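The values are calculated or read from the model by the stated rules, or taken from the named source; none is laboratory data. Please read all numbers here as calculations on a predicted model, not as lab measurements. Cβ sites come from the backbone with ideal geometry, for glycine too, and all protein chains shown count toward neighbours. Accessible surface is based on the protein model in full, side chains and every heavy atom, while ligands, DNA and RNA are left aside. Shrake-Rupley method; radii C 1.70, N 1.55, O 1.52, S 1.80 Å.
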Amino acid sequence: MRGCIAEMINIVVLVSGGGTNLQAILDAQAKGEIRGGSVTFVISSSPDAYALVRAQKNNIGTAVINPKDFDSRAQFDAAVSKALADADAGLVVYAGFNYILGTAVTDKYPKRMINVHPSLIPAFCGEGFFGLRVHKAALNYGVKITGATVFYVNEICDGGEIIMQKAVPVLDGDTPEILQKRVMEQAEHEILPKAINLVVSEIERRG
């Protein structure tokens with residue numbers, strides 16, 4: 001038989017908490033919206049992350065690499081790097097991962113490591129801007145529009161090339177918690193799977 005079926009790209013997802021973005025990826029994958037790649041492994045920085053349960057329910061392998069178990073960030077990075085290599089990661093996706101990996105890791109995955117951030121970068125991003133802090137800053141500044149950004153990870157925190165963005169309105173009466181939920185549901189959960197599909201296609205094109 002002529003021709004061959006292209007190998008699926010292994011997508012490894014990095015998590016730290018509840019895993020709602022992981023679930024959005026898995027839901028999109030189940031609907032056939034991510035072509036050419038599939039989530040094959042999940043790495044959590046916390047043994048208590050509910051994201052691990054989500055992965056296990058979908059028969060996806062998991063590992064816990066807790067930075068508290070290491071004497072230095074370099075050792076933590078080395079452990080993550082080994083786990084990614086062992087999982088034969090073709091694309092690495094930060095999905096609520098609360099740690100900045102060093103260049104010893106990121107340099108191994110040029111344009112094959114992406115992150116989602118809950119603001120319209122370059123607003124409210126960089127070191128110290130994560131979780132509810134981002135939404136508190138947006139509300140304190142008084143912006144009327146916020147949103148989410150998917151970008152390539154490089155050596156600069158939240159500084160890589162932007163892949164996709166989506167805007168979300170800030171409404172009267174919003175609290176950081178309400179705004180966080182809206183941004184997740186209306187932006188993060190929508191654009192992260194789309195960006196993954198786009199990047200997988202780019203990886204396949206580059207070979």
(message) What translational diffusion coefficient, to the nearest whole µm²/s, does segment 37-109 have by Stokes-Einstein, given a Kirkwood radius computed over alpha-carbon pairs, a temperature of 4 °C and 1.567 mPa s viscosity?
(response) 102
(request) Go through segment 115-124 residue by residue and turn each phi into a ³J(HN,Hα) via Karplus (6.51, -1.76, 1.60, θ = phi - 60°); whole Hz please, and just put x for glycine and proline. (result) 9, 10, 10, x, 7, 8, 4, x, 7, 6
(message) Whole-Hz ³J(HN,Hα) for each residue in segment 33-38, computed from phi via Karplus 6.51 cos²θ - 1.76 cosθ + 1.60 with θ = phi - 60°, x for glycine and proline: what do you get?
(response) 8, 10, 9, x, x, 8
(request) Starting from the Cα of Lys166, step 7 Å along the direction of its Cβ; do the same at Asp86; then give the gap between the two resulting points in nm. (result) 3.5
(request) Compute the separation of the alpha-carbon centres of segment 93-116 and segment 154-190 and state it in Å as a whole number. (result) 18
(request) Taking every pair of Cα atoms in segment 1-75, average 1/r, invert it to obtain the Kirkwood radius, and report Rg/Rh to two decimals. (result) 1.10
(message) Angle check, please: helix 132-141 long axis (alpha carbons) against the longest principal axis of the chain (alpha carbons), in degrees 0 to 90, nearest 10.
(response) 40
(request) Collect residues whose amide H, placed 1.01 Å from N in the peptide plane, falls under 5 Å from the amide H of Met113; neighbours closer than 5 in sequence don't count. (result) Val92, Val153
(message) Along its three principal axes, how long is the chain when you only count alpha carbons? Whole Å, largest extent first please.
(response) 61, 45, 32
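Starting from segment 123-207, pick out the trypsin sites (Lys or Arg not before Pro) whose DSSP state is loop and whose Cβ has at most 16 other Cβ atoms within 10 Å. All intermediate terms of the calculation are to be shown ahead of the outcome.
Details: sites: Arg133, Lys136, Lys144, Lys166, Lys181, Arg182, Lys194, Arg205, Arg206; in loops: Lys144.
Those satisfying the criteria are Lys144.
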(request) Using amide H atoms built 1.01 Å from N in the peptide plane, name the residues 5+ places from Gly37, or on other chains, whose amide H lies under 5 Å from its own. (result) Ile9
(request) Step through the residues of segment 89-94 one at a time and calculate ³J(HN,Hα) from phi using the Karplus curve (6.51 cos²θ - 1.76 cosθ + 1.60, θ = phi - 60°), rounding each to whole Hz and writing x for Gly and Pro. (result) 5, x, 9, 10, 10, 6
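With runs of 4+ DSSP H residues as the only contributors, calculate the mean residue ellipticity of the chain at 222 nm using -39,500 (n - 2.57) per run, divided by the residue total and rounded to the nearest 500.
On the way: 7 runs with 73 residues, N = 207.
Per the formula, -10500 deg cm²/dmol.
With a 1.4 Å probe and every protein chain left in place, work out the accessible area per residue of segment 1-116 in Å², rounded to a whole number. Display every interim value, and only then the final one.
On the way: 5860 Å² over 116 residues.
I get 51 Å² per residue for segment 1-116.
If exposed means no more than 16 neighbouring beta carbons inside 10 Å and the site is in a DSSP loop, what's the longest run of the chain without any exposed GluC sites (Glu not before Pro)?
Details: sites that count: Glu7, Glu33, Glu127, Glu155, Glu161.
The longest uninterrupted stretch comes out as 34-126.
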(message) At a threshold of 8 angstrom on Cα-Cα distance, excluding pairs fewer than six apart, so keeping six or more, what relative contact order does segment 1-89 reach in percent?
(response) 31
(request) Taking 7 Å along the Cα-to-C-beta vector as the label spot, tell me the Arg35-Met8 distance in nanometres, rounded to one decimal. (result) 1.6
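Mind putting a number on the dipole of segment 1-136 about its Cα centre? Charges go on the C-beta only, +1 for Lys and Arg and -1 for Asp and Glu, and I need it in Debye to the nearest 20. Before the final figure, lay out each step's value.
On the way: 13 positive and 11 negative charges, 67 e Å.
Computed about the Cα centre, the dipole is about 320 debye.
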(request) Subtracting the Cα-Cα distance from 0.36 nm times the residue separation, let me have the gained length for Lys144 to Asp107 in nm, one decimal. (result) 9.7 nm
(request) Show which lysines lie in cross-link reach of Lys57 when reach means a straight Cα distance below 19 angstrom and same-chain residues fewer than eight apart are skipped. (result) Lys31
